[in-house]
Amino acid sequence: MKNLKKIWIVVGAIILFIALSLIAFYNSLINQTQAIENQWAQVETQYQRRFDLIPNLVNSVEGIMTQEQAVFGQIAEARTRYSGATSVDEKAATATELESVLGRLLVIVENYPELRSSENVSQLMDELAGTENRVAVERRRFNDLVRVYNTTIKKFPANLIAGTFGFSERAYFEAAAGAEQAPAVEIEPTQPE
């Protein structure tokens, strides 16, 4: 009888240890998921700052130059697609599209001395450059958190437990194909009127 009681105590202790370990692991996955969501919110904050600056830059450039209307339309279209995106992956993809179009606008600004000399354009360009640096930092932090989380849920036996509780791999923020190449912009010289 005493041996049976000891066996039950040992079995109970083992079950309690396993239950507490599962609870701790589950809570750590919840913490990691929330950290990823919070970091994505930081990325979106910087995107919002970028989206707030771009119309001012576009308006400043449009006031001086009307030749590149296609770029201005593409910027507006990319902003609209970003607003309509619902998932992190969709927002990341549309943000990358905007970066491509924005790169073409920056090339246009650099090719026109009268734009570079405009104090308003120059100030907006500086603010936009600072924002782009912030975006890069926040996206790197996001990817770091996703890497830690994905590594955690892929390890054995964590992968079994994570799958049971519905935790799945998260997508990294990745640059669009061809983003490593500078955009090419051909500008026709304006004819005096």
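The values are calculated or read from the model by the stated rules, or taken from the named source; none is laboratory data. Computed from a predicted structure; not experimentally measured. No Cβ is skipped: glycine too gets one built from the backbone with ideal geometry, and neighbour counts run over all protein chains shown.
At-a-glance table
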{"item": "Scope segment 1-50; condition in contact with a helix residue (DSSP H, G or I) (Cβ under 8 Å, 6 or more places away or on another chain) and without any contact (Cβ under 8 Å) to a residue 60 or more places away in the chain; matching residues", "result": "GLU44"}
{"item": "Breaking point among (1) loosely packed, with under 13 Cβ neighbours inside 10 Å; (2) within 27 Å of ALA93 (Cβ to Cβ); (3) of a type in the set (Gly, Ala, Ser), for ALA35", "result": "(1)"}
{"item": "Matching residues, segment 145-169, being assigned to a helix (DSSP H, G or I), under 19 Å from VAL88 (Cα atoms) and in contact with a Leu (Cβ under 7 Å, 6 or more places away or on another chain)", "result": "none"}
{"item": "Enumerated helices (runs of 4 or more DSSP H) restricted to segment 23-136, each holding at least 2 residues that are over 27 Å from THR151 (Cβ atoms) and at pLDDT 80 or above", "result": "69-84"}
{"item": "Those residues of segment 132-169 which are farther than 25 Å from LEU98 by Cβ, surrounded by 12 or more Cβ atoms within 10 Å (Cβ to Cβ) and aromatic (Phe, Trp, Tyr), in sequence order", "result": "TYR149, PHE165, PHE167"}
